[in-house]
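This report refers to the structure that appears directly beneath it.
The values are calculated or read from the model by the stated rules, or taken from the named source; none is laboratory data. Values in this document were obtained by computation on a predicted structure and should not be read as measured data. Using ideal geometry, Cβ is built from the backbone for each residue, glycine included, and neighbour counts are taken over all protein chains shown. Surface accessibility is based on the protein's heavy atoms, side chains included, excluding ligands, DNA and RNA. Shrake-Rupley method; radii C 1.70, N 1.55, O 1.52, S 1.80 Å.
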Amino acid sequence: MLTHRTVEVGGLRMHIAEQGTGPLVLLLHGWPETSHSWRHQLGPLADAGYHVVAPDQRGYGRTGSPADAGQYTLLHLVGDVVGLIHALGEREAIVVGHDWGAPVAWHTALLRPDVVRGVAGISVPPSVRAPEPPLSLLRRQLGDGFYQIYFQRPGVAEAEFGADLRTTFRKLLGGTGGAPVVRDGEGFLDRFTDPEPLPSWLSDEDIDVAVESFGRSGFTGGLNWYRNIDRNWELLAAWQGKPITPPAFYLCGDGDITRAFTDPSRIPEARPTCVASSTSRTPATGSRWNAPMRSTPRCWSSSSSSECQRRGSMWIFGPGPPARSPASTAPTWSRPTVAATSGRGSTAPLP
């Protein structure tokens, strides 16, 4: 049965949704989402024999939102994941992240492999370290209107998104959009359609949940994650070139615009004169912030590409928990360790 509660994690009150018993799986949402994003995965994973926990992450929903923007770095977010694992009485977990949750998952595996049994990222791959602060690169490549630059100005995006919460989430969660570059005289939401009716996989009740959650928390906490992109680059310098060593898996919808950001040959797709790939795809293919990924996933792991497509999803969401060694209470993995699983050709973290 799905339950909700609040746990103390390093002085932060964190709301979690949880279901099932067995090895721990953490599901980390992205922007602009909450634990509700995982509503369709909690039950099946619990039925498969896992203890599944989806937190509202720092700055979202019913979890605390520190006032200091500097308390939203990846070091803080990884600390929240490690603290949550321990607060739940566990030593390790499978960590899965979507959108901004993916960099948190990847960096938890990078910085604390001792507590990560396996890691999966949806939409956003791990990225190699940029040669200079990422926002400088983004300005040069995509201009000041690129959404991550637009989000840097305190209060601007908050005012736009907070003006009409229902329209905001109808567009962000259910709409389709062009390149995420804000043009002169427009706002970020002007890049998205307002679908009527909503797509079949998104209900009015889901919009209600988002409106209620962000009506309570506001948008500043989540946007502060973006406002620490350059600081993350500085803080994580010591881990440059270090591989992710726990078993790893990456999945991306064929309509996800992130593919344009992380492959330099496709950067023109994200420019304001072009239309992102999500506009020519049906929602079922998984666009940047909205649709569930149901077809033609792009993925890589320690296995070959064809083998990844054949068995990859069963590795992380398998038919039951991994076998336990008779000599140990800790679960054991049959998959090989991934070495140097950094995003190919990427120049900046792009959740």
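Things to note:
- Scanning region 164-217 for residues that are modelled with pLDDT under 95, among the small types (Gly, Ala, Ser) and closer than 26 Å to residue 146 by Cβ returns 174, 175, 177, 178, 179, 185.
- Residue list for region 215-226, restricted to those being polar (S, T, N, Q) and either outside any helix (DSSP H, G or I) or open to solvent by 40 Å² or more (accessible area, probe 1.4 Å) (or both): 220
- Across region 52-64, a minimum of one residue is classified as touching a strand residue (DSSP E or B) at 6+ places or on another chain (Cβ under 6 Å), of a type in the set (Val, Ile, Thr) and over 26 Å from residue 247 (Cβ atoms).
- Of all the residues in region 22-32, those that are part of a loop (DSSP other than H, G, I, E, B) and open to solvent by less than 10 Å² (accessible area, probe 1.4 Å) number 4.
- Enumeration of residues in region 65-79 that are surrounded by fewer than 18 Cβ atoms within 10 Å (Cβ to Cβ) and either among the basic types (Lys, Arg) or assigned to a loop (DSSP other than H, G, I, E, B) (or both): 66, 67, 68
- Residue list for region 33-63, restricted to those being under 18 Å from residue 211 (Cα atoms), crowded, with 24+ Cβ neighbours inside 10 Å and β-branched (Val, Ile, Thr): 34
- Given (1) over 30 Å from residue 23 (Cβ atoms); (2) open to solvent by less than 20 Å² (accessible area, probe 1.4 Å); (3) modelled with pLDDT of 95 or more, number of the condition residue 154 does not satisfy: (2)
- In region 85-104, the residue that is surrounded by the most Cβ atoms within 10 Å (Cβ to Cβ) out of those that are assigned to a strand (DSSP E or B) and among the β-branched types (Val, Ile, Thr) is 95.
- Residue check, residue 112 at pLDDT below 95, open to solvent by 10 Å² or more (accessible area, probe 1.4 Å), charged (D, E, K, R) and more than 21 Å from residue 13 (Cα to Cα): no
- Residue 86 vs. criteria of a type outside the set (Lys, Arg) and over 15 Å from residue 26 (Cβ atoms): no
- Here residue 172 qualifies as among the aliphatic types (A, V, I, L, M), surrounded by fewer than 21 Cβ atoms within 10 Å (Cβ to Cβ) and touching a residue at least 60 places away in the same chain (Cβ under 8 Å).
- Scanning region 175-197 for residues that are over 28 Å from residue 135 (Cα atoms) and either touching a Cys at 6+ places or on another chain (Cβ under 8 Å) or open to solvent by less than 30 Å² (accessible area, probe 1.4 Å) (or both) returns a single hit, 195.
- Checking residue 82 against (1) part of a helix (DSSP H, G or I); (2) of a type outside the set (Phe, Trp, Tyr); (3) over 23 Å from residue 216 (Cα atoms); (4) out of contact with any helix residue (DSSP H, G or I) (no Cβ under 7 Å at 6 or more places or on another chain), the condition it does not meet: (4)
- When residue 19 is tested against (1) in contact with a helix residue (DSSP H, G or I) (Cβ under 7 Å, 6 or more places away or on another chain); (2) open to solvent by less than 30 Å² (accessible area, probe 1.4 Å); (3) over 19 Å from residue 216 (Cβ atoms), only condition (2) is not met.
- In the set (1) on the phi < 0 side of the Ramachandran plot; (2) open to solvent by less than 10 Å² (accessible area, probe 1.4 Å), residue 123 fails one condition alone, (1).
- Residue 13 modelled with pLDDT of 95 or more and surrounded by fewer than 20 Cβ atoms within 10 Å (Cβ to Cβ): yes
- Residue match in region 227-239 (condition: assigned to a helix (DSSP H, G or I) and either at pLDDT below 70 or crowded, with 23+ Cβ neighbours inside 10 Å (or both)): yes
- Pair list, Cβ < 7 Å and 6+ apart or interchain, from region 212-234 residues that are of a type in the set (D, E, K, R) to residues that are open to solvent by 10 Å² or more (accessible area, probe 1.4 Å) and not in a helix (DSSP H, G or I): 227/152; 230/133
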